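What follows is one structure encoded as structure tokens, with my remarks underneath.
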Amino acid sequence: MNYIVFDLEWNQSPYGQSGEHPRMPFEIIEIGAVKMNDSFEIVDEYTSLIKPKLYKKLHRSIRAMLNYSEEELKSGRSFKEACADFLEWCGDDYAFCTWGASDLYYLQNNMDFYYMEKLAFPLKFYNVQQIYADIYDEEGRISKLEKACMDLEIKEDKPFHAAINDARYTAKVLAKMKPDNLEERYTFDIYRHPKTKEDEIVARHAGVLEKITAEYPSKQAAMEDKDLLVIRCAKCGRKCFRKVKWYQNSSSASIAVGRCVYHGYMISRIKFKSAGDSEDSIFVVKKTEKTGKKGFEEVKERQQMLREKRKQKRHKEK
Ligand SMILES: [Zn+2]
């Protein structure tokens, strides 16, 4: 199997939201990719400039970042042609790798704009930025590609923010890390989500038990689904005893802790993702993994702190 490490550059309406097309707020203007074999050797490269159809003038922040001009983009190919060509170049047996999750998102969004055939579902890919964070940052915080290259002492001889250069740098980061359980460290792309219960995704990989649900009409409806709220052990799948009840940790996330008789504390996180179909409809990405006593106590303390805050707020309102 080959790794297709790709990077995109995109433009947006230079006139802000008023000039934006709702079906394609970000228009891809460059595709750059490298192909690596399973020994992480670069065996081929792909690069193409794309002539924009919607936003012909560059947004000022994009212009400041990129190394080319509107004039050069005029010599580019149509997205449809370049993208079809790129996908053919990928071959039959490959996995996408990108720095972050947005490139794969906007690739599919632009493909949809032109009514191209959809990519496979569910779609697994390697988020090199996340893998780097998981391995090198104690708290799993993500960092910029520039920083990763610097920390790994990768020679920076070409400017960043040109798709082909960023693809090369991302490939080099991956090659340098060479995690031996890479096949476990995939991410599910969530540009598309399960539509029905039968399509729901459940997978156990890299120590995490993951579930991606079908749509719920609202966050509240999701939090009333008893099935969703059950915490299962990330190691053996058994039902855990509830140690910290589900509570909303931020506007888009809830958290709880359970305990497996055999494997100890399990921390479970629910993230609400907009399903886009109506204003409130969402789907859920739920991840459960092992934690220690310290992890359990941190979650419990935070819950108590939030409770206390709410109490004080209510008190003030009286
Ligand atoms: Zn267990």
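The values are calculated or read from the model by the stated rules, or taken from the named source; none is laboratory data. Nothing here was measured: the structure is a model prediction, and the numbers come from that model. All Cβ positions, glycine included, derive from the backbone under ideal geometry; neighbour counts span all protein chains shown. For accessibility, only protein heavy atoms count, side chains too; no ligands or nucleic acids. Shrake-Rupley method; radii C 1.70, N 1.55, O 1.52, S 1.80 Å.
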#### Entry: Search result, residues across region 208-231 that are open to solvent by less than 50 Å² (accessible area, probe 1.4 Å), in a loop (DSSP other than H, G, I, E, B) and in contact (Cβ under 8 Å) with a residue 24 or more places away in the chain
THR213, ALA214, SER218, ILE231
### Message
Given (1) at pLDDT below 95; (2) farther than 18 Å from ALA101 by Cβ; (3) surrounded by 12 or more Cβ atoms within 10 Å (Cβ to Cβ), identify the lone condition not met by LYS172.
### Response
(1)
#### Entry: Checking PHE160 against (1) within 19 Å of the chain's Cα centre (by Cα); (2) open to solvent by 20 Å² or more (accessible area, probe 1.4 Å), the condition it does not meet
(1)
### Members of region 254-281 that are modelled with pLDDT of 95 or more and aliphatic (A, V, I, L, M)
ILE255, ALA256, VAL257, VAL261, MET266, ILE267, ILE270
### Task
Sort out which residues of region 114-135 are in contact (Cβ under 8 Å) with a residue 24 or more places away in the chain and of a type in the set (Phe, Trp, Tyr), and write them in order of number.
TYR114, PHE121, PHE125, TYR126, TYR132
### Query
On the given criteria, is ARG192 out of contact with any helix residue (DSSP H, G or I) (no Cβ under 6 Å at 6 or more places or on another chain), touching a residue at least 40 places away in the same chain (Cβ under 8 Å) and among the basic types (Lys, Arg)?
yes
### Message
Quick check on my filter: what residues within region 278-318 are among the β-branched types (Val, Ile, Thr), without any contact (Cβ under 8 Å) to a residue 60 or more places away in the chain and not in a loop (DSSP other than H, G, I, E, B)?
### Response
VAL299
### Answer from MET111, MET65 - the residue that is touching a residue at least 40 places away in the same chain (Cβ under 8 Å) and farther than 20 Å from LEU182 by Cα
MET65
### Query
Could you count how many residues in region 253-299 are open to solvent by 50 Å² or more (accessible area, probe 1.4 Å), touching a Phe, Trp or Tyr at 6+ places or on another chain (Cβ under 7 Å) and within 17 Å of MET223 (Cβ to Cβ)?
1
### Query
Taking TYR247, is it outside any helix (DSSP H, G or I), over 30 Å from ARG23 (Cβ atoms), free of Cβ contacts under 8 Å to residues at least 40 places away in the same chain and open to solvent by less than 40 Å² (accessible area, probe 1.4 Å)?
no
